[in-house]
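The values are calculated or read from the model by the stated rules, or taken from the named source; none is laboratory data. Only a predicted model underlies this, so the values are computations on that prediction, with no experimental measurement involved. Here Cβ is always computed from backbone atoms with ideal geometry, including for glycine, and neighbour counts include all displayed protein chains. Ligands, DNA and RNA are excluded from the accessible area calculation, which covers all protein heavy atoms including side chains. Shrake-Rupley method; radii C 1.70, N 1.55, O 1.52, S 1.80 Å.
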Amino acid sequence: MKLNEARIAIIGLGYVGLPLAVEFGKTRSVIGFDINRGRIDELLAGHDSTLEVPDGDLKEAVHLSYTDNLNDLNASNIYIVTVPTPIDDNNSPDLNPLRKSSEMLSNVISAGDIVVFESTVYPGATEEVCIPIIERGSGLTFNKDFYAGYSPERINPGDKVNTLTKIKKITSGSTDEIADFVDQLYASIIEAGTYKASSIKVAEAAKVIENTQRDLNIAIINEFAKIFNRLRIDTQEVLDAAGTKWNFLPFKPGLVGGHCISVDPYYLTFKAKEVGYQPEVILAGRRINDGMGTYVATELVKAVSRKKIHIDEARVLVLGFTFKGDCPDVRNTKIVDIITELQSFNMQVDVSDDWADAVEVEEEYGIKLIEKPEQGAYDAIVLAVDHSEYKEWGEEKLRAYGKEKHVLYDVKYVLDKNSSDIRL
């Protein structure tokens, strides 16, 4: 296959798949496939509800079409899979979206075609899980009749600076020739360049450790914060002082949610256990970060108690529900842990976030977002997400939601040290 003969189908049009489909669709034939008809309809109408792709950019992808009909993919010869890879209730990899995608592709793949996976997985998953499913369903033989590649996604939801084309892309292929082709294909749209890994497993492993390393860095800062809070030392002041050394890493304490950092380490630890190694440091970091929502809630309850505010049935306003600022993504948000813990103290919790989809939040978490918080009504205000509008409000507007005696908790260091009662 020559590069100009590539007819691409993108499987999954979420935060990862749509930006990829749009970039390829500016210069070559691309079909964007998603099982969610509602998602197809909104894209056909020219809008992306994830806000990853501006409406103007959607219009520039003149060679991109959308469908939820599998038969429309028959003419494609490059299939790029960008479905989510979550974890289950036991923190084990949930590969069902990948398995279902592989089964689906086995019905349309033909001799000579290439399947490229972008979904985050543990090392070996592409060739041990996905490829056998495609072989069984299609009757084709891997690396004889069809081929595979792996190019891990590096999308950072809500980031308008480090976008798809500006982040170096890792590529790989199931043979040397396929690796070269996959690398050239991505190089045609990635301005930052590509890095061709020696094998699919190396590319898979590189992706899974990127976010694991970040998770551990945040975990140690979170542990620092817990220690400094007990010592009555301001964590940010300590970080500012330590940051004057050239090799000190500028991480901040906080809640670790979303679809990557809080999930990917479990993929690596799952595979480690499977091959007989019991990971220690990685899981220790996960325990710290997974417990931060409960920690924030407990610290708030202590602060409320110190102000002689009756805890039982106290009203709390939580500002922000998405997993990060200026982003509508609520996947695996840890704000829900704060809410659940506060409710366990019989506190009444209102949650407000104009960035989040209220219907999605209620369906996924059973939480009803309020449209407009009540002025002067709350015993405590939790600034949980650093949306731009909250930064613009400042202390006066935030405190206006509180009663005469209240607690303002700045979880995200939006305000300066003296503008809140406590901060993480």
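In table form, for the structure just shown:
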| quantity | calculated |
| --- | --- |
| Out-of-range pairs (alpha-carbon distance over 20 Å; input Lys160/Lys324; Lys308/Lys403; Lys307/Lys412; Lys100/Lys324) | Lys307/Lys412; Lys100/Lys324 |
| Shape category assigned to segment 77-124 from the gyration tensor of Cα positions, a/c cut at 1.5 | prolate |
| Candidates per trypsin sites (Lys or Arg not before Pro) in segment 277-332, loop by DSSP, up to 13 other Cβ within 10 Å | Lys307, Lys308 |
| Protection proxy ranking, peptides 143-151, 367-375, average beta carbon neighbours within 10 Å, highest first | 143-151, 367-375 |
| Under 5 Å, built H, 5+ apart or other chain: amide partners of Tyr195 | Lys169, Ile170, Thr171 |
| Net +/- balance of residues flanking Phe142 in space, Cβ distance below 9 Å, scoring K and R +1, D and E -1 | -2 |
| Antiparallel %, DSSP beta bridges [both residues in the chain], to 5 | 5 percent |
| Expected 222 nm ellipticity per residue - DSSP helices of 4 or more, -39500 (n - 2.57), all of the chain, to 500 | -11500 deg cm²/dmol |
| At 1.567 mPa s and 4 °C, Stokes D of segment 122-272 from Kirkwood alpha-carbon radius, µm² per second | 72 µm²/s |
| Ranked by how many other beta carbons lie within 10 Å on average, peptides 106-119, 396-409 from highest | 106-119, 396-409 |
| Karplus (6.51, -1.76, 1.60) ³J(HN,Hα), θ = phi - 60°, over segment 85-94, in Hz, Gly and Pro reported as x | 10, x, 10, 8, 5, 9, 6, 9, x, 9 |
| Nearest 10 degrees, 0 to 90: helix 388-399 Cα axis against the chain principal axis | 10 degrees |
| Difference of contour (0.36 nm per residue) and Cα-Cα distance, Lys307 to Asn217 | 29.0 nm |
| Burial ranking of peptide ranges 31-42, 254-265, 201-212 (average Cβ count within 10 Å, highest at the top) | 254-265, 201-212, 31-42 |
| Cα-only radius of gyration and Dmax that characterise segment 240-290, units Å | 14.4, 42 |
| Heavy-atom accessible surface of the chain: percent carbon and sulfur, 1.4 Å | 48 percent |
| Segment 353-411 versus segment 214-271: alpha-carbon centroid distance in Å | 24 Å |
| Segment Gln343-Glu389, extension gain: residue separation times 0.36 nm, minus the distance between their alpha carbons | 13.9 nm |
| Cα centroid separation - segment 300-316 against segment 8-85, whole Å | 49 Å |
| Euclidean distance between Cα centres, segment 99-126 to segment 324-345, Å | 33 Å |
| Neighbourhood net charge (10 Å Cβ-Cβ; Lys/Arg +1, Asp/Glu -1) for Ala111 | -1 |
| The chain - accessible surface per residue (Å², probe 1.4 Å) | 46 Å² |
| Correct choice for semi-axes √(5λ) of the Cα gyration tensor in Å that was computed from the model, options [x] 45, 32, 21; [y] 43, 24, 19; [z] 33, 25, 20 | [y] |
| Charge tally in the Cβ shell below 12 Å around Ser151, where Lys, Arg are +1 and Asp, Glu are -1, Ser151 excluded | +1 |
| Pair Glu363, Glu60: separation of 7 Å Cα→Cβ label points (nm) | 3.1 nm |
| Residue pairs, from the table Lys273/Lys302; Lys196/Lys273; Lys302/Lys334; Lys273/Lys368, whose Cα atoms sit over 32 Å apart | Lys273/Lys302; Lys273/Lys368 |
